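Each reported figure results from applying straightforward, stated rules to the coordinates on display, with no laboratory input. Values in this document were obtained by computation on a predicted structure and should not be read as measured data. Neighbour counts run over all protein chains shown; Cβ positions are idealised from the backbone, glycine included.
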Amino acid sequence: MVDHLLLMIWHALLVALFFAFLWRRSSRDRLVLFAKAFLIMAVGSVVLGWLMYLVP
């Protein structure tokens, strides 16, 4: 069975890659947008999950 965290990271990776190619023209700008979007989605969702775990 596939772990939910792995699926969430995979989804964040694909969405960040799609947005990077959709919205930026140069390779450097694409890489920067990809990194920012991926980190915001991956780290943000883990942090949000821990916050929801702490609230009953």
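Working ranking of peptides 31-38, 47-54, 17-24 by packing, defined as the average number of other Cβ atoms within 10 Å per residue, highest first, is 31-38, 17-24, 47-54. In degrees between 0 and 90, to the nearest 10, how far off the longest principal axis of the chain does helix 27-54 point, with axes built from Cα atoms? That helix lies at roughly 10 degrees to the long axis. For the chain, relative contact order (Cα pairs under 8 Å, six or more residues apart, normalised by length) works out to 33 percent.
To the nearest ten degrees, helix 4-23 and the longest principal axis of the Cα atoms of the chain are 20 degrees apart. Evaluate E = 1/(1 + (r/R0)^6) for Trp50 and Met8, where r is the Cβ-Cβ distance and R0 equals 22 Å; express this FRET efficiency to the nearest 0.05. The formula returns an efficiency of 0.95 here.
Please give the calculated 222 nm ellipticity per residue for the chain, where each DSSP H segment of at least 4 residues contributes -39500 (n - 2.57) and the sum is spread over every residue; nearest 500 deg cm²/dmol? Mind dumping the intermediate values first?
Values: 2 runs with 48 residues, N = 56.
Result for the chain, helices only: -30000 deg cm²/dmol.
Between Leu31 and Leu17, the modelled label-to-label distance comes to 1.7 nm, taking each label 7 Å out from Cα in the direction of the beta carbon.
Count Lys and Arg as plus one, Asp and Glu as minus one, and take only other residues whose Cβ is under 12 Å from that of Arg24; the net charge is then +3.
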